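> Dropping the structure in here first, questions after.
Nothing in this text is a laboratory measurement; each read-out follows from the coordinates by a stated rule. This one's a predicted model, so the numbers in the text were calculated from it and none came from an experiment. Neighbour counts are summed over all protein chains in view; Cβ atoms, including those assigned to glycine, are modelled from backbone coordinates with ideal geometry.
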Amino acid sequence: MNFLNSLWAFVVAIGLLVVIHELGHYLVMRWCGVRVLRFAFGFGKVLWSRTDKSGTEWALCLWPLGGYVKPLDTREETGLSNAERLAAFDTQSVGKRIAMVSAGPIANFLLAILLYWVVFLNGVSEWRPILAAPEPGTPAAVAGIHANDMVTRVDGDTVSSWSEAQWQLLQLISKDPVVSLAVVATEGGVPVARAPDRGVEIRLPAEVPLGPTVLPDLGLKLAVPQLPPIVGQVQPESAAFAAGIQVGDRVLSVNGTTITGWGEFVKLIRAHPEQPLTLVIERQGQQTTLTLKPASVAEQGQTIGRAGISPEQGSALAAYKIHKTLGPGAALGAAVAETYEKSRFTLVMMGQMIVGKASLDNLSGPISIASAAGQTARIGLEAFLRFLAIVSLSLGVINLLPLPLLDGGHLMYYFVEILTGKPISAERQALFQRFGVFLLGSLMFIAVFNDLQRLFNW
């Protein structure tokens, strides 16, 4: 069932994002007076279609993974009248062609801004940047980071949440091997009275590649407060649901091991994918024995168990969390800034991979995207909207790269046309297209290979 949920979330995500991308192309084409022959939702066999008064066929196709727009083009159609030639894509001025091609990625950026705006407007609950005890010997331990230290500044910039701290750290690490932090000691999520901020410097070892695990590799992990082993939520169709676990159950033992905190319970679940666990629980004053078989999932190259439950949070977490709600104007400004920063960082990481400073392991393909889509959908609407926003802006950034087959490749042709005063020949475009197919095919192979490595823990 988790697979089906992930598949559904993946189809919704990719379908929506690609359709929005193509809708951007379509609207600007119509604004420029170009006749659009077909706007297809999906690919493959046409299941339903209708032609509007402008001559555009709106088609619903068999495979709902995106869509495409097909404009009138004199290079593909013969016997056109003068009026039809004037309405063809390739007969438009270079400025109009640039606008029509750019509209797709711009639509993705605008969608990301809209999604972030909704998230910020609704309000977000985030963890305070309180750190767990670093593993001995890690750069954070060497630098003097202690358990329950809260990050207050990263490279001089104030941070108030773990997501802000993570983001600032990743940006700093991508360009500087030395990370400057200010931390303050806390107790129970609250800064110790009169405790001064301490400045620390963490040095990034050369052998630690830039990637999704770089912060844990440095010893920088979020501190999670100890919670009682009481179930607060059970996801439908999950392993816990199948085992008969209910909200309010207190876990007393697992395979004979006494459980005193939620973290102990989670650790045992993660360590036993697809392995039956014998649970003794307390429900309404009565002890009951259940058998839980955690589902097997891939996470950062490892296979772990997942039950589909979350703890009763109560007041124990209140001091460790911060809730932020913004007004419409402030939320819009934050959404624009978030989209810009994430897009810029995506470009930086691509550059780092090209020069070898970041591992190609960062590339993800459809399997990882589907898994992330499913996980965020199960977590909640806010997480899923954030996922859609990051994928949308990533789609916009990637499509602007100057590579054949992508929108950026066509834009490159048009800028060359502006500089030289004549379009690139069809023969050269065909040569570039073959190169683009090879390059994008190679990148897709690496991405899918990375997906399989994460899935099967190779």
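> With contacts defined as alpha carbon pairs under 8 Å and 6 or more residues apart, what's the relative contact order of the stretch 231-312 in percent?
It rounds to 38 percent for the stretch 231-312.
> Shifting gears a bit: Could you please rank Lys175, Lys221, Lys53, placing first whichever residue has the fewest other Cβ atoms within 10 Å of its Cβ?
In increasing order of surrounding Cβ atoms, one gets Lys53, Lys175, Lys221.
> Sequence neighbours fewer than 8 away in the same chain don't count; with that in mind, list the aspartates and glutamates whose C-alpha is under 16 Å from Lys267.
Lys267 reaches Glu299.
> Quick one: which residues, 5 or more positions from Thr152 or on another chain, have an amide H under 5 Å from its amide H? H modelled 1.01 Å from N in the peptide plane, none for Pro or chain starts.
Ala182, Val183, Val184
> Between rounded, prolate and oblate, where does the stretch 231-312 land on the alpha carbon gyration tensor, with a ≥ b ≥ c its root eigenvalues, rounded for a/c under 1.5, else prolate if a/b exceeds b/c?
Prolate, because a/c is 1.5 or more and a/b exceeds b/c.
> Okay, moving on. Where the centroid of each part is defined by its Cα atoms, how far is the stretch 14-90 from the stretch 256-286 in Å?
55
> Moving on. Using Cα centres only, tell me the gap between the stretch 406-443 and the stretch 111-126 in whole Å.
Comparing the Cα centres of the stretch 406-443 and the stretch 111-126, I get a distance of 37 Å.
> Right, another one. State the extension gain, in nm to one decimal, for the chain segment bounded by Glu282 and Ala141, taking 0.36 nm per residue of separation less the distance between their alpha-carbons.
Net length gain for the segment: 46.8 nm.
> Tell me, His25, His323, His146, His410 in order of fewest to most beta-carbon neighbours within 10 Å?
His323, His146, His410, His25
> Antiparallel versus total DSSP beta bridges in the stretch 1-125: what percent is that, nearest 5?
Counting DSSP beta bridges with both partners in the stretch 1-125, the antiparallel share is about 75 percent.
> Can I ask one more? Between Lys221 and Lys324, 0.36 nm times their residue separation minus their Cα-Cα distance comes to what?
Extending this stretch completely gives an extra 34.9 nm.
> To continue, here is another question. Below 8 Å between Cα atoms, with a sequence gap of 6+, how large is the relative contact order for the stretch 41-154 in percent?
It rounds to 14 percent for the stretch 41-154.
> For Tyr68, Tyr340, what ranking results if the residue with the fewest other Cβ atoms within 10 Å of its Cβ goes first?
Fewest-to-most ranking of Tyr68, Tyr340: Tyr340, Tyr68.
> Further question: Using amide H atoms built in the peptide plane, which far-off residues or other-chain residues are under 5 Å from Val192 H to H?
Ala185, Thr186, Glu187
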